[in-house]
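To keep things clear, I will list the structure first and then write my remarks on it.
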Amino acid sequence: MTEATLAVVLGALFAFGTYLVLRRDVVRVVWGVTIISQAANAYLITMGDIAGSVPVLSHHGPPFTGTTDPLVQALVLTAIVIGFGTTAFALALTYRVYEEHGTIDLEEL
Amino acid sequence: MNQFVIAPLLVALCTAILTLLTRRFGRAQRALSVLGGVGYVAAVAWLVASVYPSGGPAVYHLGDWVAPYGIVLVADSLSAFMLAIAAVVTLPALVYATRHISAFGQQVSFHPLFHLMVVGVTGSFLTGDVFNLFVWFEVMLLSSYVLVVFYSGPEQTTATLRYVVLNLVGSAVMLLAIGGLYAATGTLNMADVAHRLANAQQYGVHVTPVLGLTALLFAVFMLKAGAVPFHWWVPDAYAAAPAPVSAVLAGVVKKVGVYAVTRLYFTVFAAAPLPDLALPGDTVLGFFGVVLLAIAVLSMLFGGLAAVGQRDLDRLLAYSSIGQVGFILAALAAAALRPEFAAVGITAALVYSLTHALAKSLLFLLSGVVEDAAGTRRLGDLGGLARRSPVVAGSFLVGGLGLVGIPPLVGFFGKFLVFDALAQTDVVVGLAAALVGAILTVAYVSGAWNRGFWGEPSAAVDGWDADPVQVACVVALAVGVVAAGVGFNPILEFARAGADAALDRAAYITSVLERGGDAA
């Protein structure tokens, strides 16, 4: 069940991100790219085996046997930090594009 | 411990930090930056001297964590060759930049960003971990975004927007591929991936998804290499960026894509058995050989044709570098299609990478000199440069003929080896396209020469005022193109060692995982 929900959510996120990237408004394009990279992060989490496992610190709560793979979570943290930087830059660039061209409509650039 | 492996990275990183700290003291900052460039060359020379003659890969375990659990940096002859290319291009570009970029621009951000880009490039060449490759790519790209938009005019912002959005989508795709690869193989360490793919049954690895995921990765690397059909950000970005940045983008950053293809597809993924699918090619590598060949043929033809029609020197050079990367990929395609000639093909690709890095960065710097001295780089407004400044014109001739491939320049050997590899492997389509590409190269180089350098000096050229240091950097690279051609034998030996290192999977796996016997 978890897998199916996740798959649907991921698919929807990628579709929505792609839809936004294809808009004319630069801000929407940046949003689209951000959503696509967040979807990629969420997808990365699912690579560490979702079903029947628990967070890394399994001694919090009842004694669990299986633990999730901590490596993918470390990878996602790295990817999120990089995503912060690139999103900030893309937004600053959008502002600069507006200053230089007086518009953020891609058709008019 | 092999400290020399991490030395180039540390030198570039420390220089980036120091130039950031000293940004209030202009002269000191420039001195530190150039000193850092010299230090980088020295560190790379140390690495080359330690790795190349001994042959075997040297491994640096970060934090002393054992592979495959910790992160490793691996230096073998292939990485050493690519780092040597990076070193010979970055130093002249850096010295050139101290005289080309405005004092304010240098003070604010140029030097730290430039060195951070070098950090990213160096890390990409040295890393032995697939996820780390992604991280180093991001380090390199983030600084290159800012360097492309450096002048922040209308042209620059539009070009950078395109470059950024395309690369951000590329990064997301790369992350998807790497995540999938981790789920499929259970490891991110390149040597471990190679080892597990070679013994797929034993480790329960399904090869079919791996093939699809590597195809995703392949698209990202072609994007970085600026090959057709992922080429359309190249001309705008190269024309928008300051001349020393274009030189490094075309000379070095483009080669990171070439290196990643060579390293991953020949060393890491080649061991995988072929899944039972109706695909062209007999092996996983053979499948990518077919794809590479198609991309190479399209790049050579498109880049050459588009360059012939250009009226702006920077755009001409940018389109030319799409065509030139096609030659490199054609040699790799030949290597992938016929495994028995793999070493010949990779050697050709490496030599051509060096040729292109030297000649193209020379020409981009020269284009910057022309723009600074004459106020324009439109070929229509230039003319008679040969009479006004024989030194600059002579350097252009050396760089241009280097691209064309006239002996004794290093370009001749690059072209010769690529043609030789394509002929030996009977890749007729590639051979025909390379021939047309070579003729187109002659056409656009002679076209640029006729319009810009021959004839009566134009009004723009009459006001010629070139900076001697800038000209010296261009001349140094021109001397490099000649010297590398005259003393070609050691370079050929080095490139051969690089090709052998790319193909010697057993040595790579054994030295990274430090286990004997059961390596693939």
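The values are calculated or read from the model by the stated rules, or taken from the named source; none is laboratory data. Because the structure is predicted, anything quoted here is derived from the model rather than measured. Note that each Cβ is placed from the backbone with ideal geometry, even for glycine, and that neighbours are counted across all protein chains shown. To get the accessible areas, we keep the full protein, side chains included, count just its heavy atoms, and leave off ligands, DNA and RNA. Shrake-Rupley method; radii C 1.70, N 1.55, O 1.52, S 1.80 Å.
Data overview
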| item | result |
| --- | --- |
| Inter-part distance where region B:208-276 and region B:147-183 are each reduced to a Cα centre, Å | 13 Å |
| Restricting region B:23-52 to chymotrypsin sites (Phe, Trp or Tyr not before Pro) in coil, as DSSP defines it, with at most 16 other Cβ within 10 Å | B:25 |
| Tail fraction, Cα-Cα pairs, region B:173-299, threshold 17 Å, whole percent | 60 percent |
| Residue-normalised accessible area of region B:399-520, expressed per residue, 1.4 Å probe, Å² | 42 Å² |
| Heavy-atom accessible area ranking, 1.4 Å probe, most first, across B:473, B:14 | B:14, B:473 |
| Sulfur and carbon atoms: percent of accessible area, the protein assembly as shown [1.4 Å] | 66 percent |
| Rounded to 5, percent antiparallel among DSSP beta bridges of the protein assembly as shown | 90 percent |
| Cβ neighbours within 10 Å from other chains - mean over B:38-51 | 0 |
| Ratio of the Cα radius of gyration of chain B to 2.2 N^0.38 Å, where N counts its residues | 0.92 |
| Protection proxy ranking, peptides B:90-100, A:36-46, average beta carbon neighbours within 10 Å, highest first | B:90-100, A:36-46 |
| Signed unit charges on C-beta, dipole axis of region B:410-520, positive-most listed residue B:509, B:455, B:466 | B:509 |
| Complex-versus-alone comparison for region B:165-182, residues with a loss of 10 Å² or more in accessible area, probe 1.4 Å | B:165, B:168, B:169, B:172, B:175, B:176, B:179, B:180, B:182 |
| Residue A:24 accessible area, assembled protein chains, probe 1.4 Å, Å² | 120 Å² |
| Those residues of region B:56-94 whose amide nitrogen sits under 11 Å from the label point placed on residue B:489, 7 Å along Cα→Cβ | none |
| Computed [θ] at 222 nm, helices only, for chain B once each DSSP H run of length n ≥ 4 contributes -39500 (n - 2.57) | -24000 deg cm²/dmol |
| Where region B:114-170 is the region considered: accessible area per residue in Å², 1.4 Å probe | 19 Å² |
| Charge dipole magnitude, Cβ of K and R +1, D and E -1 - the protein assembly as shown, Cα centre, debye nearest 20 | 920 debye |
| Global geometry of region B:241-330, whether rounded, prolate or oblate, following the gyration tensor of its Cα atoms and the 1.5 cut on a/c | oblate |
| Using alpha-carbon coordinates, inclination of helix B:488-503 to the longest axis of chain B, degrees | 30 degrees |
| Lysines with Cα under 22 Å of residue B:224, excluding same-chain neighbours fewer than 8 positions away | B:254, B:255, B:360 |
| Radius ratio Rg over Rh of region B:241-391, counting only Cα atoms, Kirkwood formula for Rh | 1.10 |
| Per DSSP, loop chymotrypsin sites (Phe, Trp or Tyr not before Pro) in region B:180-243 with at most 15 further Cβ within 10 Å | B:232 |
| For region B:175-231, average projected area of the Cα convex hull in nm² | 4.1 nm² |
| In nm, spacing of pseudo-spin labels at residue A:98 and residue B:462 (7 Å Cα→C-beta vector) | 4.7 nm |
| Spatial separation of Cα centroids for region B:467-508 and region B:67-144, in angstrom | 18 Å |
| Helix axis angle, B:26-51 relative to chain B longest principal axis, alpha carbon, degrees | 40 degrees |
| Principal axis box of the protein assembly as shown, alpha-carbon based, largest edge first, Å | 85, 56, 47 |
| Region B:423-469: C-alpha gyration tensor shape, a/c 1.5 cut-off, then a/b vs b/c | prolate |
| Å² per residue, accessible surface of region B:210-274 at 1.4 Å | 14 Å² |
| Chain pair B, A: total accessible area buried, heavy atoms, 1.4 Å probe, Å² | 2400 Å² |
| Prolate/oblate/rounded label for region B:430-520 (Cα gyration tensor, a/c 1.5) | prolate |
| At least 40 Å² accessible surface lost relative to isolated chain, residues of region B:142-159 (1.4 Å probe) | B:142, B:152, B:154, B:157, B:158 |
